[in-house]
Structure formats: structure tokens, C-alpha cells
Amino acid sequence: MGWDTTRVDMNIYSQGKIDRLVYSTCNICSNGCGCFIAVKDDKIVGIMGNEDYPVNKGRLGPKGENQWWANNSIDRLATPLIRHNGKLLSATWEDAYSLLVEKTKGIYKRKGPGGLAFYHTGQAYLEEYYTISKITRAGLRMHHVDANTRLCTATAEWSLIESFGTDGPPACQEDVDVTDVIVFIGRNSNETNTVLWERVLEARKKNGTKIIEIDPRNDVSSKQADLSLQPRSGTNVAVLNGVIHLLIRNKWIDKQYIENHTIGYGQLEKTVARYTPEFVEQITNIPQNKLNQCAEWIGTSKKTLTVLLQGVYQSMDSTAAGTLVNSMHLIMGKIGKPGSGPFQHAGQPSAMSNREVGGAGFYPGYRNNSNPKHIEEIAGLWNVDPSILPVGPQTYIMEIMQLIEQGEIELLWVMFTNPAVSLPNRNKMIEIMNKAFLVVQDPFLSETAELADLVLPTALWGEKEGTMTNLERRVNVLRKAVHPPYNLPSDFEILLEFSNRMGFKDRDGNPLITYSTPEEAFNEWRKVSKGRPCDMSEMTYDKMERLGGIKWPCNEQYPNGKERLYTDGRFHTFTDEVESYGRDLLTGRARTREEFTALQANGRGILYGFDWAPPLEMPSDEYPYELNTGRLVYHWHTRTKTGRAPILHMASPEGYVEINPEDAKNLEIQMGNMVRVSTKRGSIQVPARITDVVKQGSIFIPFHYGTLTENQAANVLTLETWDLVSKQPQYKNGACRIEKIMINEGP
Ligand code: SF4
């Protein structure tokens, strides 16, 4: 298995021979491409793909190739900044740490842990997340901890938990090479994980693999697909119900697998019964023959792989849609086998690590925060009293914002993420952030850092060591290539210094954190992970480097890792195994332990029936267009890194709106005209791009843009609502108005 090496990508700018190449992984997207960092005179001067690395075989995409420019950017922060009389002024590290500890202790004394919140990232390293998990739970005993993975792929996590008991994608990248049909849902494949998209195209060339794209936009990947379905925004559940309806009607299911390995089939069958192709067409606008073709390819192929991302995850009914994909595979028995399975992707390079070690939402090792046995277990491993560990669900970022607004939370510590651009209804979120004492840990003066009271500058990728897990459970080590400029500390070092100054102790009075290097932290985590689904007990830094990353579980039974999960049809659904007892897909209400036990899943996958309902905000006379937001091939998130790479910046320097040619004609808008796009939340002004990528009646705006002084942030427009199970915001739906800005109207 595997794909062939046809080229090694590199982007090195060095006068004279480089000094060394340092083993690493790309730190942009979840694909986790292996690379070497080129170093000359203790400076990063480029990057080269690792041709032996199984994920990418030497290839890199445009974002990966250009990520290192940010390391050398002239606007790296050199010292901490403290706000005095409204201005951020340079400060010493001693003053910065003293202020952080003084503020934390002061608020803690008055309000307890409820006065504090921590919001971090999917771009840091596993060892940093593990330390956050330990410090916030066992040190500060706090509930208000979340990460920007909430915005990105929290639904992947939750739909896996609901169907299989715990997080963890069952499939892997090798499945791309051997499958018959790949279904992409809600995923601009050519723009997101570009290297994976190349691998998919090669699989088609070699094996005749069929590609199905289900996405409202007719983008490059839809145009290149063998079958493209373009549903209306917010109708994924109806599409999936329609496909499952046809699979059942045509007997393209595996009755024995359903009987032996699942529960809930009756409810699913009953729910999808009315989703005939005619009914689905009324809801989604997908022609019946296309839906029939899609179901036939999925149902009659020997092997099917389904890949999903934000187009599914950032909707009102996202967890339900994610579980329907899992159900589709379960009823066909196409899971845990080469070339088959649901492949719920992470978005960011280490979102998976964050989830594994309990960085946001759960306890480390996919432990259930409502199961006293799991809490006791982790308390034993950390040598703390179980009674000090917070029980029950953590607070999610949008709830954290509400609590700041209400004056409950007084300090918000933001690490390596940029909520001033990335949160929905961003103008309101900026107002809310201004109410808290805002600590921002970031290598740059990001839009959020500009609002901060205290800024802690940090080392970047290549300037620190640690590990990351990619979208297929492959964990790899990233070696330190150079010393950080200005002797900046890493996020890991800041967290350790904070813990030390706060005086966090275990139950014997010894320091809570006893490790001092990332590798020591990883060795502690290995013990904590032992026996859990994401078992990494047999991994070491050197072994990862030797094998080219290792997929968990990696234990005595699988010393070199395991390709795919659930090969025996046995799922993690015994009551004391599950990561959560689950939530009601419609209301989000948490199931009790008794309710979960009563399901009698006991190792079987759980199927759910779920009816489609219209999105909360539909086009109206006042706001007649469907709003869609998403990413571009040249940028990542809020461009903190990619915006500093000259070639990426030049390729796409500013925001814009895609408008269908018919709509543009009706509105008398021409290519490049400035237009105002408005929703009930606010307005932005961007140039128009006239294109058939968007359907008539809908528009698309990339979410990467929006400094505090320019008015281009897509998130000024987005809805402040979320999926009730995963709590992931609903960035993909909304209703908007478009107006041409007349020249004499001014900006
Ligand atoms: S596909 Fe993702 S991981 Fe690979 S080089 Fe591109 S951005 Fe980096």
C-alpha cells in the first residue's frame, strides 16, 4: 500500500550551503506532512518535504512550503507588553509574570475558579495541551477551559463519541489509496489539505477511484469530481437521510453486521423512510438522478471512504449529520476494513492532540468528566485528591463569552489563537473581550493581542520541541531547529513558569508539575494514556522519528501502532469505557449514566435517526441571499502566519465576496466593484468576484480577513448560534443583503 514518490517539494532561500536539516512536521493543517526545516546560522531559511514520510512522500502544499517566513518576520514581538493608560508598553518578563500571577490569585480569591477562563488552540503541541489540562484542572480547579478546536472540528469529536463511544477517526490515509469510492462532504478538498487532494487524484488515476463531492459550491474539487451534488446550505441531514434511504431500499446494506455490531437500526430506518429522492430534491435542490447515482456508487462499491469537514461541522445540526455518516458506514459494514470507513477530519495540525490529552472538553485519554471512576483514575495518576477535580462538562467558548458579558468571568487567557477575528458575530465578541482582563500569548501583535492588557510573546514552530497528532491518529515529533529570537520562551515554558509561581502542589505537597522538558511531559502522558483508546504508552520521540510517526493505539499489542480502528466490529460503548454518556441530538441535553446504560450498546455502534429541519436563518425579503463562509488555498485561519509569507499574501491580499453572474447582473455589480454585505449582525465592505462557483441566490466570503481597522471580517456577519451537541458555531448558514457601493458614497 501507499502512494509513489514523484517529487520532493522544497522552498529554501539561502546564500551558500545550509548548515542542517531538522526533522519536523508541517504546522499548518491536519494532514501532518513530514518535513525538514533548513537552517543556516541558527536561522530558519526554508523547508523541504520528507520523502520517506508516509503521509506526503516529500510533497508539500503552498501553505506548508511558506510557513517559515513567519519565523523571520520583522514584526515578531520581542518583549512582553503591559497596558498602561490605554497603551501597550514594553515590559520585563518579571513584571509580566508578576502581573499574571497577581491578577489570577486576586480573582481566584474573590470569585474562585469561576472568575477565570482559558482559551487556547489547535496549533500548539501535545505536551503544551497536556500541561494546560493538568494546570487548569488540578491547579486552578476550573471549568472554563476551551480551545479554538471548538470552532473547527468539535463536531468530529462529538459525532464519533455519539456513534462509537469515544473520539478517534476509524480510517486512515492509506485507505485513500485502496478505496473504490471517496465521498467528500462539506470540504473544499483542493484548498484545505492540498497534499491529500493530490493523493486522491493519483488514486483515481491509478485505480479508477470514483470521487463524489457534496458541497454547495461548484469549486475546483467539485468540478474535478466524477459526481458533484450541490445541496442548498444547511441541508446535509436531508442529503444523508436520502442516501441512507436508498441504501436500505436497494438492500445495499449488511444485515448481519447491523445485527451483530449495532443498535438503533429501527429508529434510523423509520426516520429515513420518507426521504425519497423526490422529497430530498424539494429540500436540497439535488436532482433525483444525482442522488440515486451517489447512493448506487456508495452502496455497490466494495470499499467506500467518506471524508468530512467544516461544511458539515459548522452547521446547526452538525453532530446529527456527522452521526449519519457513521451510521451509513455501520449499516453497510464498511468500517474497520482497508479502503472503508468514516473519516472525520480534524482541521488544525494538532487538534487531535488537544482532544487526546483533554485540552478542551474531557479529561486526558478520552476520560469521561461525568464518570467518577475516570476522575478517580486521573486523580491517582496526578496524585491529587479526586474531590478537587471539576466534574461534568466544561464551559465552551461561546458560553465563556456570555459569562464575561455577565461579569462572572473577569480574566480571559488566550493562547495562540485570534478570537477577535475568528469568533462569530465578531464585533459583539470584541466588545465582550474588552470587559475582561485579557491575557494574550502569541508571537505577534494579533488583532486579539491589540485588545489585550497583557501580551506574552512566544516561540514558534521550529523554535521548540514537541509532538502533534494528525488527522489519522499519526503522532510525530517536531524537533527544535533554532533558538527562538530574543530568547523568547515557548508556550510550554510559560505554562511551567506560571505553575511554579502559582505554587500548584500534589497531595503530598510536591510540585504538581515535576517535568521540565517536553519529552519528560510526553513520558508522563504515555503513562496517563495507557489502557485508553488513544494509548501511546509504547511511543517515544526517537521511535516516532525512526518510523515516520506512529498511529495510536501504540501499546504492547501494537508496538508500531495500528492502521485503523474497529477492525473487529467492537466499539468503545460499554458504560465505563465511553468518553461521554452522550447528548440528545436535538436538544443537546446530556444523557445520564443510567440512560446510557439502558441503551445496552455494550460494544456495539449506535445508530440514530434524525429529521432535517430548516436552518435558523433563511433568506427573506430584507436579506435575500444565503451566506456561506470558508477558507482559501493560500491562507490559514486569520493569516497570523500565512499573511506574513510574501507569496501567499500577494496571491490573496484582501477579502472579497463571490457572487453568481445572474445575481451580479440583477444587482448591476461588476467584477471588482465594492459591495456592502449586511446581515442582522452588521456589514462589511469587500470587492465583488463574479463567478459560477456560487449558485444563484448564495454568496461566499473567505473568513481569513478582518483587521481591527479594515471592515472585511466575514465574522462580522455570522450567526452567534451553535450546534447544541458539539457547541460548534454555525458559520455556514445565514441570510444576507448585498448592495453596490456607489463611488460618491465613500467607504
Ligand atoms: S497539506 Fe497541510 S500539512 Fe501538508 S504541507 Fe499543506 S498545509 Fe502542511
What's the total number of residues in region 140-164 that are within 14 Å of GLY359 (Cα to Cα), modelled with pLDDT of 95 or more and part of a helix (DSSP H, G or I)? 1
Give GLU157, GLU174 a once-over and let me know the one that is in contact (Cβ under 8 Å) with a residue 60 or more places away in the chain, of a type in the set (Asp, Glu), touching a helix residue (DSSP H, G or I) at 6+ places or on another chain (Cβ under 8 Å) and within 30 Å of TRP552 (Cα to Cα). GLU157
Can you go through SER222, SER233, SER189 and tell me which one is without any contact (Cβ under 8 Å) to a residue 24 or more places away in the chain and polar (S, T, N, Q)? SER222
Would you check if there is a residue in region 607-614 being open to solvent by 20 Å² or more (accessible area, probe 1.4 Å), modelled with pLDDT under 95 and within 16 Å of the ligand (Cβ to nearest atom)? no
Exactly one condition in (1) of a type outside the set (Ser, Thr, Tyr); (2) in contact with a strand residue (DSSP E or B) (Cβ under 7 Å, 6 or more places away or on another chain); (3) modelled with pLDDT of 95 or more is false for LYS373; which is it? (2)
Looking at this structure, is ARG274 basic (Lys, Arg), at pLDDT 95 or above and either closer than 26 Å to LYS210 by Cβ or not in a helix (DSSP H, G or I) (or both)? yes
Take region 83-102 and flag every residue that is in a loop (DSSP other than H, G, I, E, B) and among the small types (Gly, Ala, Ser). GLY86, ALA91
Does LEU607 meet the test of being in contact (Cβ under 8 Å) with a residue 60 or more places away in the chain and out of contact with any Phe, Trp or Tyr (no Cβ under 6 Å at 6 or more places or on another chain)? no
Scan region 101-125 and report the pairs whose first residue is in contact (Cβ under 8 Å) with a residue 40 or more places away in the chain and whose second residue is assigned to a strand (DSSP E or B) and open to solvent by 30 Å² or more (accessible area, probe 1.4 Å), with Cβ atoms within less than 9 Å and a gap of 6+ or a chain change. LYS103/PHE437; ILE107/PHE437
Could you tell me whether any residue of region 417-424 is in contact (Cβ under 8 Å) with a residue 60 or more places away in the chain and more than 20 Å from the chain's Cα centre (by Cα)? no
What is the number of the single condition among (1) within 23 Å of ALA154 (Cα to Cα); (2) touching a Gly at 6+ places or on another chain (Cβ under 6 Å) that TRP252 does not meet? (1)
Condition test on GLN348, is it crowded, with 20+ Cβ neighbours inside 10 Å and at pLDDT below 95? yes
Quick check on my filter: what residues within region 282-307 are in contact with a Ser or Thr (Cβ under 9 Å, 6 or more places away or on another chain) and hydrophobic (A, V, I, L, M, F, W, C)? ILE283, ILE286, LEU291, TRP297, ILE298, LEU305, VAL307
So, MET316, is that one under 30 Å from LYS695 (Cβ atoms), in a loop (DSSP other than H, G, I, E, B) and either open to solvent by 10 Å² or more (accessible area, probe 1.4 Å) or at pLDDT 95 or above (or both) or not? yes
When you scan region 483-514, how many residues do you find that are open to solvent by less than 10 Å² (accessible area, probe 1.4 Å) and over 30 Å from ILE388 (Cα atoms)? 1
Region 640-688, residues that are farther than 30 Å from TRP68 by Cα and part of a helix (DSSP H, G or I): PRO661, GLU662, ASP663, ALA664, LYS665, ASN666, LEU667
Return a yes/no flag: does region 466-489 have any residue that is outside any helix (DSSP H, G or I), touching a residue at least 60 places away in the same chain (Cβ under 8 Å) and hydroxyl-bearing (Ser, Thr, Tyr). yes
Could you say whether any residue in region 119-127 is closer than 15 Å to PHE437 by Cβ and open to solvent by less than 10 Å² (accessible area, probe 1.4 Å)? yes
Filter region 350-374 for residues that are more than 16 Å from GLU128 (Cα to Cα), in contact with a helix residue (DSSP H, G or I) (Cβ under 8 Å, 6 or more places away or on another chain) and outside any loop (DSSP other than H, G, I, E, B) and give the result. ARG367, PRO372
Specify the residue that is surrounded by the fewest Cβ atoms within 10 Å (Cβ to Cβ); the eligible residues are those in region 300-313 that are within 29 Å of the chain's Cα centre (by Cα) and at pLDDT 95 or above. LYS303
Among the numbered conditions (1) in contact with a Leu (Cβ under 9 Å, 6 or more places away or on another chain); (2) farther than 30 Å from GLU281 by Cα; (3) part of a loop (DSSP other than H, G, I, E, B); (4) not acidic (Asp, Glu), tell me where LEU616 comes up short. (2)
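The values are calculated or read from the model by the stated rules, or taken from the named source; none is laboratory data. A quick note: this is a predicted structure, and the numbers were derived from the prediction, not measured. As a convention, Cβ positions derive from the backbone with ideal geometry for all residues, glycine included, and neighbour counts pool all protein chains shown. Surface accessibility is based on the protein's heavy atoms, side chains included, excluding ligands, DNA and RNA. Shrake-Rupley method; radii C 1.70, N 1.55, O 1.52, S 1.80 Å.
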